[in-house]
């Protein structure tokens, strides 16, 4: 057997391995869907009664250069329905632009009215968001710590709805569902909501139903102060300090209580480069957190089922690495199978995972995520958005795979926050605003190259009459092309 034949078999083997990993991940999602359905069949759990006394609470607002939303944030937080003498608000401001003056003015306005609110500035932005939260924690007066990012607008009854759950002494965190202020703004925001709806229904509730480890999502939640301290505090060695602390706390025996029926409205990134910065932070931070905490998970006394689910959870960002491999390798594999005499139909077995994905996203959006519209309109909307969502996810796989590898290899980078522009309605615009990217990254260029690569694969498949992957390659070309197009369109022209 000649050497290039061996190379062909190795390439096909890697392709099959990537397909197998994706299949396993999809089946784990299907298991969460089964648990979610089981939860939905039971009567809703009644919220606990109010506590005998309302405890002191500190609300932390970590911000960095948020000139367009900081006033909206602070004024919304000051509308929280909670005893004034028991509520402390910390504006943890690491900004270096006009945000500082805006925040200082609004804070002073409320201080003059007798509210307990502080504008806290650190000497330097060390440790990024984790450092700011820890810095504020050391000065906080509350027994409980609520955290909201700059784009979140909790309802006035947020604290009265969440605090009673801490009457269970094992509950260390209460996390609420993210809602979307600007879901209908554009295709980009609609697709983000499409994915987040699944996380905040099937995944979070499914894990809670199965008593698996779940996560605090960084905002829209509240911590028992003692839980943070017991778990080792906020640590800046990963870009997802929220996921990291979640696991450290649960491995200490604390429980995360997820409330699917209590929403926290927030603004989705409205432009592609902001979405990319968010995805990079989540994917790289997820890889860093997996590297840090997986050994602890497997050394713990958790049952094997919980260890397996925790591993798949912490390794979730790795799915993009395998999706990228499947996409890039699919072109040579398409021709190698004919050369090596391999029946390409064998790979169809791995497509069963796609049925699981369809079921999960249908449940997360049509069944629960979308509250408006008739059943028929929601199904039609799903049939339009789902293939576009898959294409976008595949188009992000290069960008996200690089972030994952950086996390695995321990390459450090700064915490690049996702800019918000106070986008609420179709008439709002982020054009001519600060914080937009103004240069093309090398990865964007490669996304353009991959668009041409998969377009060529479509053409070659048609020319040679090998059309088994043609729909897949069309979706890949569309996904990479969409990422490339919007990355250029949303640049700030100087």
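Placing one identical point scatterer on every Cα of the range 106-148 and ignoring solvent, what is log10 I(q)/I(0) from the Debye formula at q = 0.13, 0.22 Å⁻¹?
-0.35, -0.88
Could you work out how far apart the two model spin labels at residue 379 and residue 298 are, taking each label as a point 7 Å from the Cα in the direction of the beta carbon, and quote it in nm?
If labels sit at residue 379 and residue 298, their model points lie 4.5 nm apart.
If only Cα atoms are counted, what is the Rg of the range 101-176, and what is its Dmax, in Å?
Taking only Cα atoms of the range 101-176, I get Rg and Dmax of 14.6, 41 Å.
Put one equal scatterer on each alpha carbon of the range 233-340, apply the Debye formula with no solvent term, and list log10 I(q)/I(0) at q = 0.10, 0.16, 0.23 1/Å to two decimals.
Results for the range 233-340 at q = 0.10, 0.16, 0.23 Å⁻¹ read -0.44, -0.91, -1.28.
Cα axis of helix 272-299 to longest principal axis of the chain: angle in degrees, 0 to 90, nearest 10?
Around 90 degrees separate the two axes.
Using 0.36 nm times the number of residues separating residue 38 and residue 97, minus their current alpha carbon distance, what extension gain do you get? Numbers along the way, then the final one.
Numbers: separation 59, 0.36 × 59 = 21.24 nm, distance 4.95 nm.
Using 0.36 nm per residue and subtracting the Cα-Cα distance, I get 16.3 nm.
Per DSSP H run of at least 4 residues, take -39500 (n - 2.57); add these up for the chain, divide by its residues and hand me the 222 nm value, nearest 500 deg cm²/dmol.
Working: 17 runs with 259 residues, N = 494.
That calculation yields -17000 deg cm²/dmol at 222 nm.
Considering the Cα trace of the range 370-427, what is its radius of gyration and what is Dmax, both in angstroms?
Cα only, the range 370-427: 17.6, 48 Å (Rg, Dmax).
Once you place label points 7 Å from the Cα toward the Cβ at residue 167 and residue 81, how far apart are they in nm?
About 1.8 nm separates the two model spin labels.
Any idea how far the Cα center of the range 162-202 sits from the one of the range 81-96, in Å?
A separation of 22 Å, based on Cα centres.
Hey, any idea what Rg/Rh is for the chain, computing Rh the Kirkwood way over Cα pairs? Don't jump to the answer; show the numbers that get you there.
Details: Rg = 23.5 Å, Rh = 24.0 Å.
Computed over Cα atoms, the ratio is 0.98.
With label points built 7 Å along Cα→Cβ from the Cα atoms of residue 16 and residue 124, find their separation and express it in nm.
5.4
What angle, in degrees between 0 and 90 and rounded to the nearest 10, separates the Cα long axis of helix 128-137 from the longest principal axis of the Cα atoms of the chain?
30
Pull out the extension gain between residue 489 and residue 467, defined as 0.36 nm times the separation in residues minus the alpha carbon to alpha carbon distance; nm, one decimal. Please list the in-between numbers first.
On the way: separation 22, 0.36 × 22 = 7.92 nm, distance 3.25 nm.
Net length gain for the segment: 4.7 nm.
Given the Cα atoms of the range 1-152, and with Rh set as the inverse mean 1/r over their pairs in the Kirkwood sense, what is Rg to Rh to two decimals?
Values: Rg = 24.9 Å, Rh = 19.7 Å.
Rg/Rh for the range 1-152 comes to 1.26.
Mind giving me the FRET efficiency for residue 109 and residue 414? R0 is 30 Å, r the Cβ-Cβ distance, nearest 0.05 is fine.
Working: r = 32 Å, r/R0 = 1.08.
Computed FRET efficiency for residue 109 and residue 414: 0.40.
Throughout, read-outs are computed from the coordinates displayed, never taken from laboratory work. Quick caveat, the model's predicted, so the values are computed rather than measured. When we count neighbours, we look across all protein chains shown, and the Cβ atoms used for this are built from the backbone with ideal geometry, even at glycine.
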